[in-house]
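The values are calculated or read from the model by the stated rules, or taken from the named source; none is laboratory data. Small disclaimer: the values here were computed from a predicted structure and weren't measured. Cβ placement follows ideal geometry from the backbone for every residue including glycine, while neighbour counts extend to all protein chains displayed. To get the accessible areas, we keep the full protein, side chains included, count just its heavy atoms, and leave off ligands, DNA and RNA. Shrake-Rupley method; radii C 1.70, N 1.55, O 1.52, S 1.80 Å.
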Amino acid sequence: MRTRTRVIAAAGAGAALLALSGCGKADMSKQASPYANAAGAKTVTLSVQSWVGAQADVAVAEYLLKHELGYRVDKVQIDEIPAWDALSQGRVDAIMEDWGHPDQEQRYIKDKKTIVPGGDVGVTGHIGWYVPTYFAKKHPDVTDWKNLNKYAKDFRTPESGGKGQLMDGSPSYVTNDKALVENLDLDYKVVFAGSEAAQITQIEQFAKQQKPFLTYWYKPQWLFKKVPMTEVKLPAYKEGCDADPAKIKCAYPHTPLQKYFNADFAKNGGDAAAFLKRFKWTEADQNEVSLMIADKKMSPEDAAERWLADNESKWKAWLPK
Amino acid sequence: MASATASTPVRDTGLGALLRHRTVHKLLLLALAAAITVPIVNAKWASGAWPDALTVDLSEPLGKASDWIIDNRDSHPLFVYFLGHVSNAVVLSVRGVYLVLLAAGWAGVTAAAGVIAWRVAGVRLAAVAAAAFGVCGLLGMWVPTMQTLALMTVAVLASVLLGTALGLAAGLNDRVFRMMRPVLDTMQVLPAFAYLLPVVLVFGIGVPAAVFATVVYAAPPMARLTALGLRGADGGVMEAVASLGATGRQRLLSARLPLARKELLLGLNQTIMMALSMAVIASVIGAGGLGDRVYQALASVDVGQALAAGIPIVLLAVVLDRVTGAAGERLGAQTEDTSPLRGWRGWSLAAAVTLACALAARFADRLEWPTSWVVQIAEPVNTAKDWMVDHLYTGVPVVGGTADWAAHFTTYVLDPVRDGLQGLPWWSLLLIVAALAWVIGTWQTALTAVLAMAAIGVLDVWNASLDTLSQVLAGVAVTLVLGFAIGVAASRSRRLERLLRPVLDVFQTMPQFVYLIPVVALFGVGRAPAVFAAVVYALPAVVRITTQGLRQVSPAAMESAKSLGATNWQVLRQVQLPLARPALLLALNQGVVLVLAVVVIGGLVGGGALGYDVLAGLARGDLATGLVGGIAIVCLGLMLDRVTQPTERRAKKGA
């Protein structure tokens with residue numbers, strides 16, 4: 001008797017759940033954020049990556065979408081690879097700055113066709129190893145990787161044990177550093193700061209004390225304006241030399257950064273999609289906005305507003321006619 | 001330190017002698033087993049670290065599983081007919097609550113918070129609640145606060161429903177209770193970070209995944225306390241009700257549940273607290289709201305902005321904690337309410353006030369929080385942080401700077417502990433774990449602990465796990481020294497306890513992300529800042545449990561000791577501490593679990609080891625690295641929990 005009541009209750013609950021959700025198929029590829037379109041306005045959802053350059057792209061795009069084209073903009077901060085997944089599911093409409101993910105391109109653009117390329121951002125990215133310029137001036141030969149072992153003791157920290165410390169940042173960023181240290185026989189240990197924020201804080205701290213350090217870093221980046229750094233030459237990059245991650249022995253490539261859109265959004269996104277496709281600026285432009293956000297602690301919106309006021313001719317060309 | 005706590009209590013009583021006797025027996029037995037197995041094992045796989053022959057590589061199957069999910073998510077029936085609906089239902093409900101909150105406007109929401117607090121907990125808390133919401137607006141965080149509140153409402157409701165259902169089953173049926181206990185134990189020692197990845201893989205980035213992860217984290221206390229309340233029902237009352245001829249359902253509804261309402265409310269309180277702490281962690285997977293603001297501020301190294309988003313979280317936590325807590329106390333007090341506003345009259349007045357405020361704001365066209373009422377706190381906070389860093393980092397006369405302390409801590413504490421653990425032969429570590437867990441618990445707890453430790457080896461993350469373990473041990477040691485010292489002081493002075501309470505609240509509820517940057521600024525990148533952040537997080541619980549435990553020692557025992565001429569110090573050492581032993585052990589246990597939870601987040605500031613693996617897995621969508629790291633953390637948590645778990649299972653968790 002009791003079991004039967006329970007079975008009936010369970011079946012009833014299941015039926016209620018189905019009825020509630022409409023009995024049909026649920027489309028996992030069309031799931032916007034619950035906060036989107038809250039005031040009945042058209043919404044564009046942009047993914048923001050954790051580095052400030054990407055925040056600058058998004059800030060300027062957001063401002064124009066809002067004030068020139070009449071969209072509401074939602075931003076979500078996600079790491080790079082999950083962002084591709086979110087893009088394919090329709091949770092975000094666009095990635096404004098991608099540093100090159102061949103596996104994801106293969107899967108989502110070529111195979112599943114849920115994502116389409118959105119063109120160049122206009123900025124070329126480059127990853128490398130850097131020492132502070134104040135140290136490079138005193139020891140000019142440190143800028144060649146062949147002499148790095150000589151300076152290992154200068155770069156030592158409690159974390160790196162007896163070796164020199166090569167500081168890497170967020171686990172989400174593209175890096176071959178562990179393999180490079182091993183394959184180039186360097187007396188170094190890669191220490192992961194774990195987040196870019198931690199890495200920047202530590203670099204600023206070192207710079208304040210004029211201490212030597214060696215770090216994974218990338219251009220374009222606003223921090224160069226505050227802490228001038230000089231790149232260490234690694235063996236030159238050649239096409240395909242980074243094909244096998246375990247045997248890698250060469251520097252990082254120069255990558256023209258790309259935009260990517262959800263396929264559906266690219267087709268039906270109207271003015272917003274047309275505008276984002278035409279959005280293209282230079283390294284200097286991006287750095288100007290980044291520096292205002294990260295160093296002057298302006299809100300991304302104020303920073304975008306100031307840049308837009310000075311560069312009207314540039315952004316007028318991006319707007320759909 | 002676990003061994004220290006295990007040996008201190010056995011001192012003078014007859015029970016102690018017996019216990020010592022049993023302890024010796026257990027250890028002898030264990031030594032005998034070791035004497036037989038170790039030579040064989042050692043001959044076969046002699047090495048310091050876990051032998052390669054005994055590992056399993058999961059990266060291929062896990063990689064395939066992850067690919068399968070991504071490729072089939074849009075088409076497989078499991079997704080389109082079930083998980084997709086769950087996901088849609090979550091999105092719809094969060095959206096519904098959010099729209100209601102927006103429609104009520106800031107005036108309506110603030111008024112509602114005030115009058116609800118007034119009905120449930122009295123005038124003083126009503127003022128606190130209304131003020132707290134006002135501050136959220138003043139900080140310019142109104143909209144994110146509403147987003148978090150909407151997500152929290154749905155997550156807490158789901159947790160309470162799930163928790164109560166599980167708790168009912170466990171409370172009414174002994175077999176279910178026995179089966180469920182280890183499951184709930186495990187769910188509670190899981191650090192939330194460890195299972196974000198699989199949840200994201202199934203639901204994708206965003207609100208549904210965040211709600212789901214929150215429910216997993218927040219439902220166990222509700223289930224546990226519901227079961228506890230039902231099982232603890234007064235036997236006499238139950239018998240009386242049964243003799244009146246009540247059916248099973250009547251007994252449940254008219255006697256058991258009402259008798260258990262105090263536990264139910266406590267469960268609700270715990271669930272809310274855990275859900276709030278998860279709200280921030282879930283920002284890593286795109287939950288939005290306040291957590292996302294903290295996380296985005298972190299990206300541009302803006303402590304002030306992070307704090308501005310962190311304060312509303314603390315305020316929400318404090319208000320919800322106090323209101324539900326006060327409701328629990330009122331239930332217990334059993335005083336008859338004789339005011340003219342009791343019952344439905346009070347509630348309808350409350351509803352009317354709320355409605356009036358909401359409508360007033362709407363007609364005044366002041367639905368959104370006015371931008372001119374926003375106070376910018378980011379700049380002064382950042383200036384303060386910069387000053388601190390400039391003056392404390394290095395070169396402070398006599399004591400040295402914080403960077404020097406961190407360096408010493410890494411070199412003289414963390415390194416030796418880690419190298420020591422990694423240098424021990426693997427089987428000896430298993431033996432140590434077995435001995436500790438058995439001495440303090442039963443053979444079952446010892447077996448769980450050893451199996452958990454062995455699983456770490458099998459997963460091939462032995463060295464990374466021992467690195468994490470060394471950070472946990474160092475963190476727990478520091479936490480206990482500080483926590484016991486502060487706890488003893490607070491137990492002797494009511495005034496100090498009152499002063500400490502808000503400070504502890506803030507430490508306990510402030511999202512850890514907020515202090516990651518200051519911690520790096522003070523201690524540099526590495527394991528030391530990770531340990532420090534963990535200590536900050538775990539300290540409040542240890543202090544609270546210690547204070548409470550010492551307070552509960554019977555005054556008569558202390559009086560009689562004093563009358564025999566014992567000094568204050570002697571009373572503390574020979575009467576109070578031994579009598580408060582269960583509380584101290586619970587404090588140790590909580591310290592361990594909480595420190596472990598943050599050492600994982602320490603991966604964000606250079607803690608490395610397992611925390612880094614989990615973060616890397618999440619960031620790269622790499623299920624193999626992330627999930628194996630996560631499982632290893634869970635195993636470490638289980639092992640540490642069992643090794644520090646007093647024989648009698650604690651009734652409730654958290655302080």
Worksheet entry | Odd one out for B:Val128 among (1) in contact (Cβ under 8 Å) with a residue 60 or more places away in the chain; (2) open to solvent by 40 Å² or more (accessible area, probe 1.4 Å); (3) within 28 Å of B:Ala213 (Cβ to Cβ) | (3)
Practice prompt. Could you check, for the range B:473-491, whether at least one of its residues is polar (S, T, N, Q), over 29 Å from B:Tyr412 (Cα atoms) and either open to solvent by 30 Å² or more (accessible area, probe 1.4 Å) or outside any helix (DSSP H, G or I) (or both)?
Written response: no
Fill in: Subset of the range B:393-416 that is at pLDDT 75 or above and more than 9 Å from chain A (Cβ to nearest Cβ) - its residue that is nearest to B:Leu522 (Cα to Cα)
B:Thr402
Discussion item. Looking at the structure I just gave you, is A:Lys247 within 13 Å of chain B (Cβ to nearest Cβ) and open to solvent by 50 Å² or more (accessible area, probe 1.4 Å)?
Written reply: no
Worksheet item: Residues of the range A:280-321 being touching a residue at least 60 places away in the same chain (Cβ under 8 Å) and open to solvent by 70 Å² or more (accessible area, probe 1.4 Å), which ones?
Response: A:Lys280, A:Glu283, A:Glu301, A:Glu305
Worksheet item: Hey, does the range A:161-168 have a residue that's farther than 30 Å from A:Glu288 by Cα, at the interface with chain B (Cβ under 10 Å from one of its Cβ atoms) and more than 27 Å from the chain's Cα centre (by Cα)?
Response: yes
Discussion item. Quick test for you: out of B:Glu368, B:Glu379, pick the one residue that is over 30 Å from A:Pro158 (Cβ atoms), outside any helix (DSSP H, G or I) and open to solvent by 40 Å² or more (accessible area, probe 1.4 Å).
Written reply: B:Glu368
Fill in: Subset of the range A:236-279 that is acidic (Asp, Glu) and in contact (Cβ under 8 Å) with a residue 12 or more places away in the chain - its residue that is nearest to A:Gly128 (Cα to Cα)
A:Asp242
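Take A:Glu182 and tell me if it is charged (D, E, K, R), open to solvent by 10 Å² or more (accessible area, probe 1.4 Å) and in contact with a Lys or Arg (Cβ under 9 Å, 6 or more places away or on another chain).
On the way: charged (D, E, K, R): yes; open to solvent by 10 Å² or more (accessible area, probe 1.4 Å): yes; in contact with a Lys or Arg (Cβ under 9 Å, 6 or more places away or on another chain): no.
Taking the combined requirement at face value, the residue does not satisfy it.
When you check A:Val92 against the structure, is it at pLDDT 85 or above, in a loop (DSSP other than H, G, I, E, B), buried (at least 17 other Cβ atoms within 10 Å of the Cβ) and in contact with a helix residue (DSSP H, G or I) (Cβ under 8 Å, 6 or more places away or on another chain), yes or no? Explain how you work it out, then say what you get.
Values: at pLDDT 85 or above: yes; in a loop (DSSP other than H, G, I, E, B): yes; buried (at least 17 other Cβ atoms within 10 Å of the Cβ): yes; in contact with a helix residue (DSSP H, G or I) (Cβ under 8 Å, 6 or more places away or on another chain): yes.
Against the criterion (at pLDDT 85 or above, in a loop (DSSP other than H, G, I, E, B), buried (at least 17 other Cβ atoms within 10 Å of the Cβ) and in contact with a helix residue (DSSP H, G or I) (Cβ under 8 Å, 6 or more places away or on another chain)), A:Val92 qualifies.
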Fill in: Of all residues making up the range B:34-89, the number that are under 19 Å from A:Asp103 (Cβ atoms), assigned to a helix (DSSP H, G or I) and of a type outside the set (Phe, Trp, Tyr)
13
Fill in: Qualifying positions in the range A:177-217 - more than 9 Å from every other protein chain (Cβ to nearest Cβ) and among the β-branched types (Val, Ile, Thr)
A:Val181, A:Val190, A:Ile203, A:Thr215
Discussion item. Within the range B:601-622, does at least one residue satisfy the condition of being open to solvent by 10 Å² or more (accessible area, probe 1.4 Å), without any contact (Cβ under 8 Å) to a residue 40 or more places away in the chain, closer than 30 Å to B:Thr410 by Cα and assigned to a helix (DSSP H, G or I)?
Written reply: yes
Fill in: Residue check for B:Gln270: of a type in the set (S, T, N, Q), in a helix (DSSP H, G or I) and more than 10 Å from chain A (Cβ to nearest Cβ)
yes
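Which one of B:Thr509, B:Thr546 is over 30 Å from A:Ser170 (Cα atoms) and β-branched (Val, Ile, Thr)?
Working: B:Thr509 fails: over 30 Å from A:Ser170 (Cα atoms).
Sole residue among the options that is over 30 Å from A:Ser170 (Cα atoms) and β-branched (Val, Ile, Thr): B:Thr546.
Rundown of residues vs (1) within 30 Å of A:Trp315 (Cα to Cα); (2) of a type outside the set (Val, Ile, Thr), yes/no style:
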{"site": "A:Thr201", "(1), (2)": "no, no"}
{"site": "A:Pro235", "(1), (2)": "no, yes"}
{"site": "A:Ile248", "(1), (2)": "no, no"}
{"site": "A:Gly269", "(1), (2)": "yes, yes"}
{"site": "A:Lys277", "(1), (2)": "yes, yes"}
{"site": "A:Thr282", "(1), (2)": "yes, no"}
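Yes/no per residue for (1) open to solvent by less than 30 Å² (accessible area, probe 1.4 Å); (2) within 14 Å of chain A (Cβ to nearest Cβ); (3) at pLDDT below 75:
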{"residue": "B:Glu263", "(1), (2), (3)": "no, no, no"}
{"residue": "B:Met278", "(1), (2), (3)": "yes, no, no"}
{"residue": "B:Ala282", "(1), (2), (3)": "yes, yes, no"}
{"residue": "B:Val301", "(1), (2), (3)": "yes, yes, no"}
Worksheet, complete the sentence: B:Asp460 passes all but one of the listed conditions (1) more than 30 Å from A:Glu204 (Cα to Cα); (2) part of a helix (DSSP H, G or I); (3) open to solvent by 40 Å² or more (accessible area, probe 1.4 Å); the exception is number (2)
Worksheet item: Hey, A:Pro171 hits all of (1) touching a strand residue (DSSP E or B) at 6+ places or on another chain (Cβ under 7 Å); (2) open to solvent by 10 Å² or more (accessible area, probe 1.4 Å) but one; which does it fall short on?
Response: (2)
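Given the criteria touching a Pro at 6+ places or on another chain (Cβ under 9 Å), surrounded by 18 or more Cβ atoms within 10 Å (Cβ to Cβ) and under 30 Å from B:Gln305 (Cα atoms), does B:Thr148 qualify? So that I can check it myself, show each step before the final result.
Working: touching a Pro at 6+ places or on another chain (Cβ under 9 Å): yes; surrounded by 18 or more Cβ atoms within 10 Å (Cβ to Cβ): yes; under 30 Å from B:Gln305 (Cα atoms): yes.
Here the answer is yes, as B:Thr148 does meet what is asked.
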Worksheet item: Restricting the search to the range A:135-160, which residues are within 13 Å of chain B (Cβ to nearest Cβ) and of a type in the set (Lys, Arg)?
Response: A:Arg156
Worksheet item: Looking only at residues in the range B:131-145 that are surrounded by fewer than 24 Cβ atoms within 10 Å (Cβ to Cβ) and β-branched (Val, Ile, Thr), which one is modelled with the highest pLDDT?
Response: B:Val135
Practice prompt. Name, by its number, the condition in (1) within 14 Å of chain A (Cβ to nearest Cβ); (2) open to solvent by less than 10 Å² (accessible area, probe 1.4 Å); (3) not aliphatic (A, V, I, L, M) that does not hold for B:Gly288.
Written response: (2)
Worksheet item: In the range B:149-160, is there at least one residue being out of contact with any Phe, Trp or Tyr (no Cβ under 8 Å at 6 or more places or on another chain) and more than 30 Å from B:Ala223 (Cβ to Cβ)?
Response: no
Worksheet, complete the sentence: When the range B:264-286 is checked residue by residue, the ones that are farther than 19 Å from B:Leu197 by Cβ and hydrophobic (A, V, I, L, M, F, W, C) are B:Leu264, B:Leu265, B:Leu266, B:Leu268, B:Ile272, B:Met273, B:Met274, B:Ala275, B:Leu276
Worksheet item: Residue check, A:Pro235 against (1) open to solvent by 70 Å² or more (accessible area, probe 1.4 Å); (2) in contact with a Cys (Cβ under 7 Å, 6 or more places away or on another chain), all met but one. Which one?
Response: (1)
